[in-house]
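Take a look at the structure set out below.
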Amino acid sequence: MLMAVVFGIGVGIISAVRQNTWADYLSMSLAVMGISVPLFVVGPVLGTVIVYSVILIVLNFVVDIVYGYLDPRISYK
């Protein structure tokens, strides 16, 4: 939430300072798209991204173990 507030205020300041430029139009377009997308679309998309990122991290760790790419100086317990 804090990150969204800081990002929103920063983008709002940029849009106010640079009115009617590409930065203003881009930030307004992103804001309208962000408000328009319903939560039942955002939830599954973010869930899918998180699940696949965890799967890729685990698979990377397994491949490292199988092929012996782990650093012998580090204890992986």
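Where a number appears in this text, it was derived from the coordinates with a stated rule and is not lab data. Predicted model only: the values in this text are computed from it and were never measured. Because the Cβ atoms are built from the backbone with ideal geometry, glycine has one as well, and the counts that use them run over all protein chains shown.
Annotations for the structure displayed:
- With the simple model of a label 7 Å out from the Cα in the direction of the Cβ, PHE61 to VAL32 spans 4.5 nm.
- Correct option for P(r) over Cα pairs in 10 Å bins from 0, in percent [calculated from the coordinates] among (i) 15, 25, 21, 18, 17, 4; (ii) 19, 56, 23, 1; (iii) 18, 48, 33, 1: (i)
- Computed lengthening from ALA16 to VAL49, 0.36 nm per intervening residue step minus Cα-Cα distance: 8.5 nm
- Residues LEU30, LEU2 arranged by fewest to most Cβ contacts within 10 Å: LEU2, LEU30
- Seen against the Cα atoms of the chain and their longest principal axis, helix 2-17 is set at about 40 degrees.
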